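Input: a single structure, listed below in structure tokens.
The values are calculated or read from the model by the stated rules, or taken from the named source; none is laboratory data. As the structure is a computational prediction, the values presented were derived from the model and not from experiment. Here Cβ is always computed from backbone atoms with ideal geometry, including for glycine, and neighbour counts include all displayed protein chains.
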């Protein structure tokens, strides 16, 4: 029975990653014409009706004022930076390169958990982190082609994503989930809206339709991810995230005439292997089997992807 549940969970997670990758491909298409600020603004704005539904369905009670304003501010700013920089990276870098760099987020979560959460990282996990960062350096090829702003954007996006994850771990038990969703979405709308007069380009009906599709794909990916984690062990579900490198190669070849070179593939393999090791260590007996793997995913912090706990509450009518 458990084997069947794990198989179902793995399949649902693979479908989720497929939706996320399609989401990123559309971002890359839109990024040819529009700035990341405009894309983030409209994708967040279109997501706002979902936020209203969540607020109406949330029965946990309490105020919308943060109990930990400093950490909520850290999450909010990290959330905004993650989205804008990731969207810029997707628009300017080959698909596979961007993913390979963003896959460093779980590694950075491990490193930053020491000063922020006071966690202890033993020698084996330090080794995995170092190996993973070597993989990122292989992708960046410092002795080869010159680095572009897209590479820096992807690296900083991975760092900001790690900070967003750790801020949720730090205060997630004391803050209402709706608070952790509300402020980043509002910040995206406010901050990106402030820049809009400087960067706005007219949008056709097709462009707006693609923005709406981004929001729907983000929601669909999140829902499938929730179902996956409900069905199977986190140690089975979380590694499916790395299937995105396959989607990146497929979409890159079909739509963007991109073919990953040898260095990208080698570097991605190293990063994935180190990330898998850390995930297996987190899921081993005596450690939380769900929280690290779920929270460590960089996907959960894009503006069109509501936090899983919020959607769980929405689906269950607020009874969870």
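Taken over region 181-209, the criterion of being under 25 Å from residue 222 (Cα atoms) and free of Cβ contacts under 8 Å to residues at least 24 places away in the same chain is satisfied by 186, 190, 206, 209.
The residues in region 118-144 that are over 29 Å from residue 20 (Cα atoms) and either surrounded by 24 or more Cβ atoms within 10 Å (Cβ to Cβ) or touching a helix residue (DSSP H, G or I) at 6+ places or on another chain (Cβ under 8 Å) (or both) can be counted, and the count is 5. Would it be correct to say that residue 90 is closer than 30 Å to residue 252 by Cβ and either surrounded by 22 or more Cβ atoms within 10 Å (Cβ to Cβ) or at pLDDT below 90 (or both)? Answer is yes for this residue.
Conditions (1) within 30 Å of residue 257 (Cα to Cα); (2) touching a residue at least 60 places away in the same chain (Cβ under 8 Å); (3) assigned to a helix (DSSP H, G or I), marked per residue:
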{"position": "66", "(1), (2), (3)": "no, yes, no"}
{"position": "90", "(1), (2), (3)": "yes, yes, yes"}
{"position": "98", "(1), (2), (3)": "yes, yes, yes"}
{"position": "112", "(1), (2), (3)": "no, no, yes"}
{"position": "119", "(1), (2), (3)": "no, no, no"}
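Might you check whether a residue that is part of a helix (DSSP H, G or I) and closer than 23 Å to residue 107 by Cα occurs anywhere in region 207-222? So far as region 207-222 goes, yes, one or more of its residues are part of a helix (DSSP H, G or I) and closer than 23 Å to residue 107 by Cα. For region 157-205, a tally of residues being more than 16 Å from residue 48 (Cβ to Cβ), over 20 Å from the mean Cα position of the chain (by Cα) and not in a loop (DSSP other than H, G, I, E, B) returns 6. Residues that are under 18 Å from the mean Cα position of the chain (by Cα), within 20 Å of residue 114 (Cβ to Cβ) and at pLDDT 90 or above occur in region 142-155; there is at least one.
Note on region 240-261: residues that are modelled with pLDDT under 85, more than 19 Å from residue 221 (Cβ to Cβ) and part of a helix (DSSP H, G or I) amount to 0. Of the residues 286, 209, 235, which single one is out of contact with any helix residue (DSSP H, G or I) (no Cβ under 8 Å at 6 or more places or on another chain), at pLDDT below 70 and surrounded by fewer than 23 Cβ atoms within 10 Å (Cβ to Cβ)? Going through 286, 209, 235 in turn, the sole match is 286. Given the criteria more than 20 Å from residue 153 (Cα to Cα), part of a helix (DSSP H, G or I) and at pLDDT below 85, does residue 45 qualify? Spelling it out, it is not the case that residue 45 is more than 20 Å from residue 153 (Cα to Cα), part of a helix (DSSP H, G or I) and at pLDDT below 85.
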